Amino acid sequence: MVSRIARIAVLLALLWPLSQALALELKISTLYPDGTASVNSLKEAGAEIAERTEGRVTLRVYAGGVMGDDRAVQRRIRIGQLHGMLAQGGAFASFYRDSQVLNLPLVFRSYEEVDHVRATLDPIIRDGFEENGWLIFGPVDGGFAYLMTANPVASVEDLQKQKVWLPANDSGSAMAVREFGVSPVVLNIGAVLTSLQTGVIDAFAAPPVAALTLQWFSRVNYLTEMPLLYTYGVLALSKQHLARISDADQQILREVLTTAFAEMDRHERAGNLQAFEAVKAQGLAPVQPTEEQLADWRARSQRAIEQLVENGEISPAMLERLNSLLADVREH
């Protein structure tokens, strides 16, 4: 009897480290403020994952940029201090260049075009990231970014007179703005409001929901009614860390987050449409480019896209696929 108990004790001792290795608290960083719909949805999904895995997989969300900017967070992920990040898609462009195809300037003219393109390209983007070591959930609609400025901007020449903000560590956007003859002021997101207040910048491009949430709208006077580019967010989890989770728990993680992010996408679309009207209601005067001015914007954006392809930021094959999808929807 004693020897049998001893054998069981040894077996349990051997199995205990294995059971511990299968448990993981996934630490997720985001610049989105705590209390926003995206952060709340992620936390709710985490609670469901914890329940369905009986506590073996849990999520902890570090909101509001407390873990640093995108580059700092990616360093923390590499060394295992964090496991993933909820961020704008451009933050991950270096891991899969063709993911920038949805962010190209002035390629979309309506949400109808966005939805038609995304139905085909979303799975391709997710697969591309997974092949490069990231499990992606999303994209989540970020809305169209619009120019919001202290002085009215209808033409490219008007924009060239402004002190325009450009996000740090965004090589694709940096290449694109050169075609518009703009010398941008490069800043981290956390420095934008102060820079608007002090006059370091007087123009930015952002989705209305971001301008409202971060109070940027309060420092500008005009909104150019031209969808400058489409934005989206994703949750990216490093696959090297997920290897510590059992296959069954990984399946639960995928199921819950896939469902949560599909719902988040629908919810954010509605919120972005409301935010556009809300920004205008705050007193920002609308500026409408003429057809001639709009043609100039589009011609320059096309040259910028060609330059991005030439520099390897977007593959010719992905751009061709985008243009084919856009042609499909515009013909009907």
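Worth a mention:
- Checking each residue in the range 47-65 for being of a type in the set (Lys, Arg) and either under 23 Å from the mean Cα position of the chain (by Cα) or closer than 22 Å to residue 33 by Cβ (or both) picks out only 60.
- Residue in the range 143-152 that is at negative phi, buried (at least 18 other Cβ atoms within 10 Å of the Cβ) and of a type in the set (S, T, N, Q) present: yes
- Residues that are among the small types (Gly, Ala, Ser) and within 18 Å of the chain's Cα centre (by Cα) number at least 3 in the following helices (runs of 4 or more DSSP H) confined to the range 130-207: 171-178.
- Top-ranked residue in the range 49-70 [being of a type in the set (Asp, Glu) and assigned to a loop (DSSP other than H, G, I, E, B); ranked as farthest from residue 87 (Cα to Cα)]: 54
- Every residue from the range 158-175 that is modelled with pLDDT of 95 or more and either surrounded by fewer than 21 Cβ atoms within 10 Å (Cβ to Cβ) or among the aliphatic types (A, V, I, L, M) (or both): 158, 159, 160, 161, 162, 163, 164
- Residue within the range 23-31 that is assigned to a helix (DSSP H, G or I) and at pLDDT below 95 present: no
- Selection of the range 40-67 for residues being touching a residue at least 24 places away in the same chain (Cβ under 8 Å), over 23 Å from residue 139 (Cβ atoms) and small (Gly, Ala, Ser) yields only 55.
- Any hit, the range 74-88, residues being closer than 20 Å to residue 267 by Cα and assigned to a loop (DSSP other than H, G, I, E, B): no
- Matching residues, the range 105-129, being assigned to a helix (DSSP H, G or I), surrounded by fewer than 18 Cβ atoms within 10 Å (Cβ to Cβ) and of a type outside the set (Phe, Trp, Tyr): 112, 115, 119, 120, 122, 123, 124, 127
- Answer residue from the range 184-199, given it is of a type in the set (Val, Ile, Thr) and within 15 Å of residue 167 (Cβ to Cβ) and is surrounded by the most Cβ atoms within 10 Å (Cβ to Cβ) among those: 192
- Some residue of the range 39-48 being in a helix (DSSP H, G or I), among the polar types (S, T, N, Q) and either modelled with pLDDT of 90 or more or in contact with a Lys or Arg (Cβ under 6 Å, 6 or more places away or on another chain) (or both): yes
- Some residue of the range 200-207 being buried (at least 19 other Cβ atoms within 10 Å of the Cβ) and out of contact with any Leu (no Cβ under 9 Å at 6 or more places or on another chain): yes
- Subset of the range 81-94 [at pLDDT below 95 and surrounded by fewer than 18 Cβ atoms within 10 Å (Cβ to Cβ)]: 94
- Taken over the range 173-208, the criterion of being closer than 18 Å to residue 30 by Cα, in contact with a Ser or Thr (Cβ under 9 Å, 6 or more places away or on another chain) and hydrophobic (A, V, I, L, M, F, W, C) is satisfied by 187, 206.
- Only residues that are touching a residue at least 40 places away in the same chain (Cβ under 8 Å) and within 30 Å of residue 219 (Cα to Cα) were counted across the range 284-311, and they come to 15.
- Subset of the range 312-332 (residues that are under 26 Å from residue 146 (Cβ atoms) and of a type outside the set (Asp, Glu)): 314, 318, 319, 322, 323, 325, 326, 327, 329, 330
- Listed by first and then second residue, the pairs with beta-carbon distance under 6 Å, at least 6 apart or on different chains, first residue in the range 112-124 and free of Cβ contacts under 8 Å to residues at least 60 places away in the same chain, second assigned to a helix (DSSP H, G or I), form an empty list.
The values are calculated or read from the model by the stated rules, or taken from the named source; none is laboratory data. If you're wondering where the values come from, they're calculated on a predicted model, not measured in any experiment. Positions of Cβ are backbone-derived with ideal geometry, glycine not excepted, and every protein chain shown enters the neighbour counts.
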